[in-house]
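Here the structure comes first, spelled out in structure tokens, and everything after it is commentary.
Please treat every number below as a calculation from the coordinates, not as lab data. Owing to the predicted nature of the structure, the values given are computational and were not obtained by experimental measurement. Every residue, glycine among them, receives a Cβ derived from its backbone with ideal geometry; neighbour counts consider all protein chains shown.
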Amino acid sequence: MKWILVGIIALCNTLGDVLNTAGMKRQGEVEDLRPWTLLRMIRKIFRNPLVLGGFAALAVSFFALLSLLSITTVSFAVPATAVSYLLETLLAKYILGEDVRWRRWAAATLVACGVVMLSF
Amino acid sequence: MSLQDRPSLVMQTFVRPTDNQTQNGRRGRKTHALVLLVIVTNVFGNVFLSRGMHQVGRIVSASPFDYVRAFANPWTTLGIVILVVWIFSDLALLSRADLSFVLPVTASAYVLVALLGHFFLHDHISWERWMGILLITGGVVLAEETPTRTTTGPPEHLIPERLL
């Protein structure tokens, strides 16, 4: 059960971030940080099915995390976070079409290892 | 062209930024300002929320009213408000930068939380955690050396026709 929850957290986290990125790229770049621009962005988000789908996936991930925390310790949730970094980089390259070269792969790997080390 | 003219030509070519370079510079600064906002709101949102929830005490209940009670705590409310700002600034950042850039760069929040705990709350940091801080910092530095965005336009092939 624990590992199923870890899998759900990693997958939904990854799916949520990929959908949010695709949705926000579809919506267009936020040009500046003025309050009016940000309010317009938020209004558009609520009509953006990709970002809404991303929110739903992140909500599932959050509730799976709560369930996991209720049956085990927080350190058990760490592998899910670490795996997400690598999985999301993979999907960023092959689904979102980002130019992921060795520096970004190394960065994602170092961060994933660092997150695991921080849990000790 | 005389030799005397050359320095001005060199200045024009290599020193004076073109309109494109100035735009790229401004674009980069705005993106990095957003990165900073995402990291700071993530760190302080979580720290305040954690402080508030510790004051409220353990909630193990099926009743939503017990969770609403947590909102009465000012630290919890402040934490949630800051985390809402974090969510939207993260989305604004994802509209301007690659996911594979944003992920490692914003992981510096982990480092900041650990260091804040160490210097202000005198939390002990084991050698394993120092190693973790070093590894994450290395990852952040490497990602910072890559361009913030490598794609143009939305990834259309991902989006079903009916959603466009």
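Using a simple charge model, +1 on the beta-carbon of Lys and Arg, -1 on the beta-carbon of Asp and Glu, nothing else, what dipole does segment B:26-148 show about its Cα centre, in debye to the nearest 20? Show your work: numbers first, answer last.
Details: 9 positive and 7 negative charges, 76 e Å.
In debye, rounded to 20, segment B:26-148 gives about 360.
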Under 16 Å from the Cα of A:K44 - lysines, other chains or at least 8 residues apart
A:K25
Which of A:T109, A:T81, A:T37 moves the most in a Gaussian network model of chain A with Cα springs under 10 Å?
A:T37
Among A:G23, A:G97, A:G53, which one shows the biggest mean-square fluctuation in a GNM of chain A, springs joining Cα atoms closer than 10 Å?
A:G97
GNM top mover of A:A57, A:A80, A:A107 - chain A, alpha-carbon springs below 10 Å
A:A107
Can you give me the angle between helix A:49-71 and the longest principal axis of chain A, using Cα atoms only, in degrees from 0 to 90, rounded to the nearest 10?
20
Could you give the angle, 0 to 90 degrees to the nearest 10, between helix A:2-27's Cα long axis and the longest principal axis of the Cα atoms of chain A?
10
At 7 Å along the Cα-to-beta-carbon direction for both B:W127 and A:L52, put a label point, then send me their distance in nm to one decimal.
5.4
Cβ density ranking, 10 Å radius, fewest first, applied to A:K44, A:K2, A:K93, A:K25 yields A:K2, A:K44, A:K93, A:K25
Cα long-axis angle, helix A:35-45 against chain A (0 to 90 degrees, to the nearest 10)
70
Segment A:98-120 and segment B:89-146 have their Cα centres apart by a whole-number Å value of 10
